Amino acid sequence: NEKFNLICFGAGKFNYSEIKLINKYKNFNKKIFHIKGDDKTLASLYLQAVALICPSLYEGFGLPVLEAMRLKCPVICSNTSSLPEVCEDAAAYFNPLSIDSINNKIIETVYSDNKIQELKLLGSKRIKLFSWENCANKTTKIYNRLI
């Protein structure tokens, strides 16, 4: 769609097969960008984004979705791994192995102002359960039980 850009943040530059795949879709190849940067750059992207799309097949915990929620960026992500447990009702989910599922969920979400606002609100509530202070307190309690 002409309205949106796809920003891929971090890691290395696109490899040959990724560039080949991007170029295959002529309508979109001028709308896909790779950006590297620091935490400040990433935060700026979250603040400007319509949504974080996280098509992960495996997440150990899901820090990117929490970072997005903290900055009121709606989350659209895989229904696999730890993501449903981390996000609960604060994300729109798709099957990461199905292009149709990914496409349908993105379209159904980004073109609905109500859904975007709902995800921002639910994400703002959900993120309150996750903090480094909370993590440290729970870890300390576990250590103290072991001593």
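The values are calculated or read from the model by the stated rules, or taken from the named source; none is laboratory data. What you see is a predicted model; the values in this text were computed from it and never measured. Here the Cβ is made from the backbone with ideal geometry for all residues, glycine too, and neighbour counts use every protein chain on show. For accessibility, only protein heavy atoms count, side chains too; no ligands or nucleic acids. Shrake-Rupley method; radii C 1.70, N 1.55, O 1.52, S 1.80 Å.
Some points to look at:
- Stokes-Einstein translational diffusion, region 64-147 - Kirkwood Rh over all Cα pairs, 0.890 mPa s, 25 °C, in µm²/s: 175
- Fraction of accessible area attributable to carbon and sulfur, the chain (%, probe 1.4 Å): 57
- Surrounding net charge for Leu122, when Lys and Arg each add one and Asp and Glu each subtract one, Cβ distance under 12 Å: +3
- Neighbourhood charge, 14 Å Cβ-Cβ cut-off, centred on Cys8 and excluding it, Lys, Arg +1 and Asp, Glu -1: +2
- Under 17 Å from Lys20, Cα to Cα: lysines that are on another chain or at least 8 residues apart: Lys30, Lys31
- For Lys3, a cut-off of 18 angstrom between C-alpha atoms picks up these aspartates and glutamates, skipping any fewer than 8 places away in its own chain: Glu108, Asp113.
- Built amide H within the under 5 Å cut-off of Ser56, gap 5+: Ser78
- Taking Cβ atoms as reference points and 15 Å as the exclusive limit, the residues near Ser56 contribute a net charge of -2, counting Lys and Arg as +1 and Asp and Glu as -1.
- Correct option for P(r) over Cα pairs in 5 Å bins from 0, in percent [calculated from the coordinates] among (1) 2, 10, 19, 24, 22, 13, 6, 3, 1, 0; (2) 2, 9, 15, 19, 21, 15, 8, 5, 3, 2, 1, 0, 0; (3) 2, 10, 18, 20, 18, 14, 10, 6, 2, 1, 0: (2)
- Looking at region 27-106, the accessible area is 57 square angstrom per residue; that uses a 1.4 Å probe and ignores ligands, DNA and RNA.
- Trypsin sites (Lys or Arg not before Pro) restricted to region 13-79 and DSSP loop, no more than 12 other C-beta within 10 Å: Lys13, Lys26, Lys30, Lys36
- Relative to one another, the C-alpha centroids of region 4-70 and region 91-113 are positioned 16 Å apart.
- In the chain, the calculated helix contribution to ellipticity at 222 nm averages -15000 deg cm²/dmol per residue, counting -39,500 (n - 2.57) for every DSSP H run with n ≥ 4.
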